[in-house]
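Each reported figure results from applying straightforward, stated rules to the coordinates on display, with no laboratory input. Just so it is clear, the structure is predicted and the values come from calculations on it, not from any experiment. No Cβ is skipped: glycine too gets one built from the backbone with ideal geometry, and neighbour counts run over all protein chains shown.
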Amino acid sequence: MITSVSATPGQQTPTTDGISRSVSLLSSVGKRSSSLPNDDLVDDAGEQFSWTTAIFRREQIVHPDPDAIATRRSVFDDPDLAPHYWPKKDYENLHRFDPATRWTYGEERALVRKLDWKIMLMAAVGFSALNLDRSNISQANSDSLLQDLGLTTNGNYPDFNLGNTVFRLAFLCAELPSQLVSKRVGPDRWIPTQICLWSVVSLSQFWLTGRTSFLVCRALLGALQGGYIPDLILYLSYFYTKTELPVRLALFWMSSNFCAIIASFIAYGTLHMGGVAGAAGWRWLFMIEGLLTLLIGFLSFFRMPPSPTQTKTWFRPNGWFTEREEIIMVNRILRDDPTKGDMHNREGLTLRRLWTAMCDYDLWPIYIIGLMFGIPNTPPSTYLTLLLRDIGFNTFQTNLLTIPSQALGMVTMFLITIVSEFVNERSIVSMMEDLWTLPFLVALYALPSSPNPWVFFVVVTGLLSYPYTHPIQVGWCSRNAGAVASRTVNASLYNMFVQASAIISSQIYVASDAPRYRRGNKILIIICCINICFLYPGTKAYYIWRNRQRARIWDAMTTQERAHYLSTTKDVGNRRLDFRFAH
């Protein structure tokens, strides 16, 4: 067993707000050298990808010896630069920070498995609650919701579009305020509160009476659910490294698809309750699912510790982790990203930091991707149950026929995320979603006016089985933010653009184009081609150019000049010369 070597974490050294660790920094200051201590450290796993290494030398990727040292090199191993990356005095995990600590692969793997069961599982359940309550409107639409509430059903479902737009607008507007609240009170408190509040609204839809109450509930749901995803990402970043987070996010969206499958079966059962106590089946759907997510919200208060070193409480006196595990957690996180020690987990954002993060133009390309990438497949996804009903399937067949695309989507999403981390590539891999979608959109456009229902089902199912790259892009945005304060704001801004994308998408299928929506599908094909030909390649080219700009300056500096820059610069986060953008 590798034991911790006593260091001086209590002896505070100066630090600078928003310091960021770049991938290339390790190559410039963290290489093996007789002048550097702790030469038993392993090199950072950021080397150039090669298919030969990946296929025939897998032991370089997954270390075979559980007793080998797993501690990665970081700036804390350079005596000249380490003082500039030291955590702040009010960092909640400072008492476990020890740059001399070493741990093995066996210890790290066991710890990550424990994190997955203790932290990620509950977060995934909460994420499923979000998707259960925000997507059950589709199942309700396959029943008599629109007719019972007197909403327009003239072919383009204008009230349905308006309800989606109101929900998305409220969701979008709540993103940033929710992040500010979460950063101040802590995501471990705010996330369970959000789940409980929106669950009450969701189950209250049992008593909907008409158009006004329908729109009010959609607005309240959007306002209470907005910000939940960035809040959850912020929370998970306290426990996982930047390479582990995208895979966990993919698992969350897989849980979303799994939840959609479960929701289809729940809908199949609850919609058969139509007439019980004189209420329609869709009313029981809202009530039962709302009560279920309310229970999840209540349990979340007891299953979400504030940080790796704060798992002990009155109802959990022994905590979840040993002292050794806490030391490994804290040091592996800070070695991976020293900026996570810049702020306390209950520290709010100043207006200046907020404004700086909002003006970060280097993240705008990712925001534009967030706005554009989901448009080609959102209208078919939103209208899936309505399209299947129109093509000739009944209510119960429709809910069951949504399951195959959800199941296949889970597989493709997880595989594309694994590929992204495996080859250390984001822009081109993320483009695969549009490459998948394009031929199915063309097929959908080419179908005759009255297609065979099962042919139509196969085409739509193939389209909606696309590899969802949103988890990759969420992790990409978080990684390129470069500081806790920036990450908090930028994750919200990215998600706001994603919600704006959904608002735009809801206006593409219009009444004059029903029921085949050929003009709408032509628009989707054009947008898909723009994403493939210009947006993703352009974003990759931009980040390559920005990295080369900074590398020319940083690589020309001596060690003393770098130390002077780090101690005097007012640049924060990804504005610093030592930061390199992932692409």
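Summarised in one figure, the compactness ratio Rg/Rh of region 218-335, Cα atoms and Kirkwood Rh, is 1.09. Segment GLN560..VAL411, full-extension length gain: 48.7 nm, with 0.36 nm per residue of separation and the alpha-carbon distance subtracted. For THR104, nonlocal amide neighbours, meaning residues 5 or more places apart or on other chains whose placed amide H falls under 5 Å from its own, are ILE2, ALA70.
In order along region 291-308, the phi-based Karplus estimate (6.51 cos²θ - 1.76 cosθ + 1.60, θ = phi - 60°) of 3J(HN,Hα) comes to 5, 5, 6, 5, 4, 4, x, 5, 5, 5, 4, 9, 10, 10, x, x, 7, x Hz; Gly and Pro are listed as x.
Between amide H atoms placed 1.01 Å from N, distances below 5 Å from GLY319 occur with THR313, all of them 5 or more places distant or on a separate chain.
For region 537-552, backbone phi angles converted through the Karplus equation (6.51, -1.76, 1.60; θ = phi - 60°) give residue-by-residue couplings of x, x, 5, 4, 4, 5, 5, 4, 5, 5, 5, 5, 4, 6, 4, 4 Hz, Gly and Pro being listed as x.
Site pair THR568 and ALA110 shows an inter-label distance of 4.9 nm when each label is modelled 7 Å from Cα along Cα→Cβ.
On the basis of the beta-carbon distance and an R0 of 51 Å, MET358 and ASN452 show a calculated FRET efficiency of 0.50. A straight Cα-to-Cα reach below 20 Å connects LYS522 with the aspartates and glutamates GLU433, ASP434, ASP513, residues fewer than 8 places away in its own chain not being considered. Label positions at ARG316 and ASP148, each projected 7 Å from the Cα along the C-beta direction, are separated by 3.9 nm.
What is the local net charge at LEU251, summed over the other residues whose Cβ is closer than 12 Å to its Cβ (Lys, Arg +1; Asp, Glu -1)?
Working: positive: ARG248; negative: ASP116, GLU244.
Taking every other residue near LEU251 into account, the sum is -1.
Kirkwood radius, the chain, all distinct C-alpha pairs, inverse of mean reciprocal distance: 25.2 Å.
Ranking request for peptides 408-417, 312-321, 327-336: highest mean number of other beta-carbon atoms within 10 Å first, then the rest in descending order. Walk me through the intermediate numbers first.
On the way: 408-417: 19.9, 312-321: 11.5, 327-336: 23.7.
Answer by packing, highest mean first, reads 327-336, 408-417, 312-321.
Cβ crowding within 10 Å ranks VAL125, VAL185, VAL474 as VAL185, VAL125, VAL474, fewest other Cβ atoms first.
Derived scalar couplings between HN and Hα for region 110-119 equal 4, 5, 5, 4, 5, 4, 4, 6, 8, 9 Hz in order, rounded to whole Hz, by the Karplus curve 6.51 cos²θ - 1.76 cosθ + 1.60 (θ = phi - 60°), x for Gly and Pro. Remark: spin-label model distance ARG184-TRP207 equals 3.1 nm, labels positioned 7 Å along the Cα→Cβ axis.
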